[in-house]
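Laboratory data are not the source of any read-out in this text; all were calculated from the coordinates shown. Quick caveat: nothing in here was measured; it's all calculated off a predicted structure. When we count neighbours, we look across all protein chains shown, and the Cβ atoms used for this are built from the backbone with ideal geometry, even at glycine.
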Amino acid sequence: MNDPHAPADDRTLVMRALGGHQPSYSELMARHREAVYRVARHHVGEESEALDIAQETFISAFASLNRFDPDRPFRAWLLRIALNKCRDWARRRAVRRLFRMARPLDDALHIADDGQDPESAAISTREVARISAAVAALPANLKDALILCRLEGMSMADAAQVLGLTEKAVETRIYRARQKLSEILEG
């Protein structure tokens, strides 16, 4: 017999949320926010941007919850949305960079750099930042597979499902991502 006090699975929470049960939304977010944030953080390399992307992911997911297929894992569906939000962010970033480059440099002289002095940061902190930047610099098709399998701990089968690829394609992309990371970090 089912224990009424046992935690509900994701599928049950989705059905309850669709029925207007607000605590179910909160529970889904509590269960998956760290994974969504980590995927975004590894993808974009910036903490504040990753928080924004995580928030956009949940807004988008909850707005389209009625399109969730309950026969599939909720986490995989949610991470796919997060990856799409990361790709959107990358496109917007490219456009912003183009506009920034068009402004005269003299217009930016009054902006102070509040960042921490590199010499005052610990070597390990700099190395983590360097690796995070290298991961963020990978092409999206390589980065997605690497983040899901190696940083999020997903199986290749689950990552293949999220990315819409075969397991072999995921394996190949991880291999290529590692090669590219070596080039970036050694260069």
Relative packing of 7-17, 41-51, which averages over residues the other C-beta atoms within 10 Å, highest first: 41-51, 7-17
Spin-label pair Arg91/Arg150, simplified geometry with 7 Å Cα→Cβ offset, distance in nm: 2.7 nm
Potential lengthening between Ile131 and Thr172 on full extension [0.36 nm per residue; Cα-Cα distance subtracted]: 12.7 nm
Mean projected area (nm²) of the alpha-carbon convex hull when segment 123-187 is viewed from all directions: 4.2 nm²
Convex hull projection area averaged over all views, segment 8-101, Cα basis, nm²: 6.2 nm²
Relative contact order (percent, whole number), segment 123-187, Cα cutoff 8 Å, 6+ residue spacing: 37 percent
